[in-house]
Every structure is written in structure tokens, then in C-alpha cells.
Amino acid sequence: MIHDDTIKLLRECDAGVRMGVDSISDVLGSVRSEGFRRKLTECRAAHEELATEIQGMLDKYHDEGKEPGFIAQSMSRMKTNFKLGTDESDETVADLMTDGCNMGVKSLNRYLNQYKAASEVTKDITKRLINLEEKLAIDIRQYL
């Protein structure tokens, strides 16, 4: 049970961290403020570091991880393209990123509760990813 929950939680973290990196990369070109761009770039780098750690854990369990869901990814890109197509401003980017962070925090907390038997190391990784998302949402409020 511990082994199964650990792998399942790592897979969800893998999908979440990939979605975060992709989402930040999708909007960076639209950011006008240097401070905002720096916050997003730093957050993306932190996500990439965590992705490396997650991949190392998955490799240890001989698991390939999990790509973000096709529908979730497609809907996210459609929403981003539509909103930025009508209003390419820092406010719009901050709104999109805040929504994404909130969805990530909600999903990761759900998985953390669902996979209670996961290893403490995996739970810690999940909590660090949640904290990254929460911190970004707070850090970018000034751009809303």
C-alpha cells in the first residue's frame, strides 16, 4: 500500500509540476513588468528543480511518471490563448496564473489526502510543490 500510494502521489506531482512549468512558459512572452517576469522565471526554475527530484524518485521506483492530462492541458492553453488574445496585459497573466496556482493547490491537496499511505518523503515533495504554488499566487497579487 505504501509503495502504491507513493508512486501514485509522485505521478500526480509529476503531472502538476510539468503543468506549472508549461503554464509559466506559455505566458512569459506576454509579461511586461520585469519584476513579474523575474518572479515567474524564478518559480519556473524552482518547479524544474522539483521536477528533477520527482523524476529521481520515479526512477527509483522504475516508473515513467505522468504527463498532465490532455484535456486539462488543452483547456488551459485555450483559456490562456483566448484571454491573452483579447487582453495581453500583466493583469491578465496574473489572473491566469493565479487561477492555475489555485487549481494546482486544490488538486495536490486532494491527492495528498487520497494517498495517505505515501512515503513521508513523497508527502514532503507534494507539500513543497503546494507551497511553491501558494507563494506564486501571493507574490503576483500586485499584478492583478
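Name the residues in segment 134-144 that are part of a helix (DSSP H, G or I), open to solvent by 20 Å² or more (accessible area, probe 1.4 Å) and in contact with a helix residue (DSSP H, G or I) (Cβ under 7 Å, 6 or more places away or on another chain), would you? Answer for segment 134-144, where residues must be part of a helix (DSSP H, G or I), open to solvent by 20 Å² or more (accessible area, probe 1.4 Å) and in contact with a helix residue (DSSP H, G or I) (Cβ under 7 Å, 6 or more places away or on another chain): GLU134, ASP139, TYR143.
Pairing residues of segment 22-37 that are under 16 Å from ALA72 (Cα atoms) with residues that are open to solvent by less than 50 Å² (accessible area, probe 1.4 Å), at Cβ distances under 6 Å and at least 6 apart in sequence or on separate chains, gives SER23/GLY100; ILE24/LEU40; ASP26/THR80. For segment 112-144, name all the residues that are charged (D, E, K, R) and either in contact with an Asp or Glu (Cβ under 7 Å, 6 or more places away or on another chain) or over 22 Å from ILE24 (Cβ atoms) (or both). Residues satisfying the conditions are LYS116, GLU120, LYS123, ASP124.
So, in segment 52-64, how many residues would count as being closer than 13 Å to ARG18 by Cβ, assigned to a helix (DSSP H, G or I) and open to solvent by 30 Å² or more (accessible area, probe 1.4 Å)? Total meeting the criteria: 2.
For segment 71-129, a residue qualifies if it is in a helix (DSSP H, G or I), more than 24 Å from LEU40 (Cβ to Cβ) and either open to solvent by 60 Å² or more (accessible area, probe 1.4 Å) or modelled with pLDDT under 95 (or both), and the qualifying residues are ILE71, ARG110, ASN113, GLN114, GLU120, VAL121, ASP124.
The values are calculated or read from the model by the stated rules, or taken from the named source; none is laboratory data. On a predicted model such as this, the values are computed, not experimentally measured, just so you know. Ideal geometry is used to build each Cβ from the backbone, glycine not excepted, and the neighbour counts take in all protein chains shown. Only protein heavy atoms, including side chains, enter the accessible area calculation; ligands, DNA and RNA are left aside. Shrake-Rupley method; radii C 1.70, N 1.55, O 1.52, S 1.80 Å.
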